[in-house]
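> What follows is a single structure, and I will ask about it in a moment.
Rule-based calculations on the coordinates, nothing more; no lab input. Predicted model only: the values in this text are computed from it and were never measured. Counting neighbours? That spans all protein chains shown, and the Cβs are built from the backbone with ideal geometry, glycine included.
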C-alpha cells in the first residue's frame, strides 16, 4: 500500500539522502550500465535439483547498481509494488553501504524479502514503473536483484534486524494457510500486537514457496529463515491442521479467535478433459512439483516415488510450467518440452524463467494444443496435438489461437505434466456457512477491505484470485491485516 | 500427539495401532481417513480411521505392510511416534436409514467397513455383513464386525473358514433370499469392481470407498482422480466414497498401479538397507 507523496518526500529530504544525491551527478548515474546477475552455467546447474541458478550480486555490484537509482522525487516504482515497499529508500541504503538498513526498510512492508527478490515478476511491476523504463527507455534499475542482495546480506550476517512489535493486545486471530499471503498477514498482525496463529494443512510451513517453487529458484532454507523471523516476533504455527476438517472455524471461535484470514490457496489442478488424460504418466504440475519439492522424491533417501520420464512434455506456458519442465530436466529427462497453444511471444511466464529454460535445453513446442493422450496398457506413450495459428485478439487482448483444420501430429512422450492452472481449494468454501462463493469457487471479498460475507472472515491470495503471483497474494495479506486491525481496534474502543 | 499407545498384530503383516490424536478423534466420522508420514523423508500415505476413543483422545488405524511407507509405520513400537498425522480427510459416509444394508468387506477392507456399519446400524438399519478373504489367516476384525451386524457371513476363497467361494457368491445368496436396499463394498479394487457388477444386475444402489494414490490429501495434487460417470473426481475431497455403478474401475485399477515400478525399486533398496543393518 503506497503512502502519501509527502511521506516519501519527508524521508527523501533526510540529510543522508540529500548528500548521496549530491555525490554523483544525474548524468553519471544514467550513464551506468545495468548490472547482470551472475548465473551458474546451464550445464552445471541442470544436473542438480538444489543448485540455485542465480548467484546473487556481490557488494560492489550491488552498490554500483544502487547508484543508478535517481532517488526520484515522485518514486513511480512504488506504484508497481503490490506491498508498497519504499524502494528508493532501501536502494539508497545499499548505495550508502548500509545493507542492514536496507533490509530493515524492506521488512517494513514485506515479510518475505529473500523470496520476493527471487520470484517476483519485477519486470512487470516495480521495474516496469522505474524512471529508466518510463522516461529513458533504458533497462530499469535492478530492483529485484538489489532486494535479494539486502535479504541475503542479513541472512549471511550475524547481525539481524530487530523488528518492532507493539505490546501484546491479547486478541487472538487465526490464519488459514501458511503460504505467502498468510505469512504477510501474520507478519503485519503480530507487529500490531495481535496473538497470531497460522494453521497449515501440510507438514511443512510455507505453502507454495515450499511445495511449488523449486529449490533451484528459491531455496527452502531461505523460506525457513523468514518463518523463523516471524516465530521470533511471536507468530505461532500449527502444522497438520486443516481448518474446516481438523477443527471448524466455529470451534476456533469458541476458543477465543476473534477474526480469521483465509489464505488457503490454490486447490484442484485443472485438466483439459481430453481422452486418455487419466492414464498413468499424465499428472498435474502440482503433483509433480509436490513430490519433488516437498517430499524430495528422486533423492536416494526419500520414500516418495516419482516417475522420471525420458521424454517429458509440460502442457502450459506459465511460471509453474517453467518450474515443472526445468525440474524434469534436473530429474534426468533426455527431452523436455513445453507444449503451448499460443506463440512464444505470448508465454505468460517471466522472461527470466523462459530464458533460463531455453539455456537448459527446454524445447518450446508452440502453437500446439493436446487433443488426446495415447497409451499402451494404461501407460502414456504419446500425445496427439492439434496445430494452431493465431487469429484475432480475444478478450485478454492476446491473439486467439485457432486450430489449423486437419493438421495434427503425434509426439512420443512418457510423461505429460499439466500446468494449465488450478481451481480454488474447496475445503473452506464447503465448511463455512454463509460464505459467498463465486461461480469459479473463489471466496468473494470486498476489494477495499478484503472482508468476506461472513463478518469475522477475511480472505486473499489464490482462494480469492483463483491464481496469481506470490507478491499479489502478499499484498492481499497486508491489505487484510490493515483493515482487520482497523475494525478490531474500533470494536475495542467501543 | 501421534504417540502409538497400543500396537497389536491382527494377521500376518497386518497391525492395529491406537494413536494419540485428540483433535482427529473428536472430529472424525465414519468414512473419513487420515494421512500419515513416518520419518523426515517419509511418504504421505492415506489410512482409514477405524475407530476413536474420545476419553483417551486416540484413534485406531489398521495398517498392512505393503511398501516402504507402510512397513515403516508397522515397524514403530508402542511409545514411539508417527512423525506427522493429519485429518480427518474426505467426506464422511452419507449415513441414513434405508432399510437393509449389505456390507461387503474384502481383506483389509474390513477396517474401513467397521465404522461404516456401526453408523448405519446406529441409524436403525438392518446390516448384513459379508467378510471375505483369500484364506482364514487374512480375516481380520471378525468379532468387531459380527458385533455390529444383524447377520455376519464369512467367505474364503480356499474354504479354510466360513463358506468357500468369492464374495460375489455370498452376495448372490443374500440377494436371492431378501430385499437389499443398499450395498456397500470396501476392499481390493478388483473385488469392488465385481461387487459393483453383481449389484448392478439387481439394481441395488451401491457405494464403494476408494483407496486411491494421494500426496497431499486436500485436493491439491490430483493424483487420486477417478472417472465417475462422465466426470473426473478427486477421491480426497469428492470421495473417498462414490456410486459404484458410475466408476470406471478399469481405469481405477490401472491408476492404483501408477507408481508400481518406482515403488518396487524403493522397496528393494529399503529391504537391502534393512539387511545391512
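> Any chance you could list the semi-axes, whole Å, largest first, of the equivalent ellipsoid that the Cα gyration tensor gives for the range B:4-89, using √(5λ)? Let's see the in-between values first.
Numbers: eigenvalues 69, 39, 30 Å².
Working from the Cα gyration tensor, I get semi-axes of 19, 14, 12 Å.
> Along the Cα→Cβ direction, 7 angstrom out, place labels at residue A:299 and residue A:22. What is the inter-label distance in nm?
Output for this residue pair reads 5.4 nm.
> Over the C-alpha atoms of the range A:5-155, what are the Rg and the largest Cα-to-Cα span, Dmax, in Å?
Gyration radius and largest Cα-Cα distance of the range A:5-155: 15.2, 51 Å.
> Oh, and also: Estimate the FRET efficiency between residue B:201 and residue A:440 by the formula 1/(1 + (r/R0)^6), using the beta-carbon distance for r and 35 Å for R0, to the nearest 0.05. Spell out each step's value before the answer.
Working: r = 41 Å, r/R0 = 1.17.
It comes to 0.30.
> Name the residues of the range A:124-154 whose amide N is less than 20 Å from a point 7 angstrom out from the Cα of residue A:30 along the C-beta direction?
Answer for the range A:124-154: A:127-143.
> For a quick check: sort B:199, A:320 by the number of other beta carbons within 10 angstrom, fewest at the front. Walk me through the intermediate numbers first.
Values: B:199 25, A:320 30.
Lowest count first: B:199, A:320.
> Hey, what number do you get for chain A at 222 nm if only DSSP H runs of n ≥ 4 count, each worth -39500 (n - 2.57), divided across all residues, to the nearest 500? List each step's numbers first, then the result.
Working: 19 runs with 173 residues, N = 494.
Roughly -10000 deg cm²/dmol at 222 nm, from the helical runs in chain A.
> Using a Gaussian network for chain B with springs between C-alpha atoms less than 10 Å apart, which of these wobbles most: B:217, B:87, B:99?
B:99
> Related question: Can you tell me what the convex hull of the Cα atoms of chain A projects to on average, as an area in nm²? Don't jump to the answer; show the numbers that get you there.
Details: hull surface 100.8 nm².
In nm², the orientation-averaged hull projection of chain A is 25.2.
> Arrange the following residues from fewest to most other Cβ atoms within 10 Å of their Cβ: A:428, A:417, B:82.
Least crowded to most crowded, the residues run B:82, A:428, A:417.
> What distance in nm separates the simple spin-label points at residue B:142 and residue B:274, each placed 7 Å from Cα in the Cβ direction?
2.7 nm
> Determine, for B:15, A:261, A:149, the number of other Cβ atoms within 10 Å of each Cβ, and report the residues in order from fewest to most.
Working: B:15 20, A:261 28, A:149 25.
The fewest-first ordering by Cβ neighbours comes to B:15, A:149, A:261.
> Starting from the Cα gyration tensor of the range B:31-161, multiply each eigenvalue by 5, take the square root, and state the resulting semi-axes largest first in whole Å.
Details: eigenvalues 152, 76, 28 Å².
Working from the Cα gyration tensor, I get semi-axes of 28, 19, 12 Å.
> So what is the 222 nm mean residue ellipticity for chain B from helices alone, if each DSSP H run of at least 4 adds -39500 (n - 2.57) and you divide by all residues, rounding to the nearest 500 deg cm²/dmol?
Values: 9 runs with 85 residues, N = 277.
Dividing the helical sum by the residues of chain B leaves -9000 deg cm²/dmol.
> Ok, one more. Can you compute the FRET efficiency between residue A:400 and residue A:11 using 1/(1 + (r/R0)^6), with r the Cβ-Cβ distance and R0 = 56 Å? Round to the nearest 0.05. Let's see the in-between values first.
Numbers: r = 47 Å, r/R0 = 0.84.
Efficiency computed from Cβ-Cβ geometry: 0.75.
> Any chance you could check the Cα centroid distance between the range A:158-237 and the range A:100-141 for me, in angstrom?
Between the Cα centres of the range A:158-237 and the range A:100-141 lies a distance of 21 Å.
> Which FRET efficiency value, to the nearest 0.05, do you get for residue B:134 and residue B:5 by plugging their Cβ-Cβ distance into 1/(1 + (r/R0)^6) with R0 = 35 Å? Spell out each step's value before the answer.
Working: r = 31 Å, r/R0 = 0.89.
Calculated value: 0.65.
> Starting from 0.36 nm per residue, how many nanometres of slack lie between residue A:359 and residue A:60 once their C-alpha separation is accounted for?
105.0 nm
> Would any residue of the range A:342-356 have its amide N under 13 Å from a label point 7 Å out along Cα→Cβ of residue A:274? List them or say none.
Answer for the range A:342-356: A:342.
> Taking chain B as the reference, fit the longest principal axis to its C-alpha atoms, fit the long axis of helix B:167-177 to the helix C-alpha atoms, and give the angle between the two in degrees, 0 to 90, nearest 10.
Approximately 30 degrees, to the nearest ten.
> Could you give the radius of gyration (one decimal) and Dmax (whole number) of the Cα atoms in the range B:100-256, in Å?
My reading of the Cα-based Rg and Dmax gives 15.2, 45 Å.
> Continuing with this model, one more query. Hey, what does the equivalent ellipsoid look like for the range A:134-191, semi-axes from the Cα gyration tensor as sqrt of 5 times each eigenvalue, largest first, whole Å? Spell out each step's value before the answer.
On the way: eigenvalues 201, 64, 28 Å².
So the equivalent ellipsoid measures 32, 18, 12 Å along its semi-axes.
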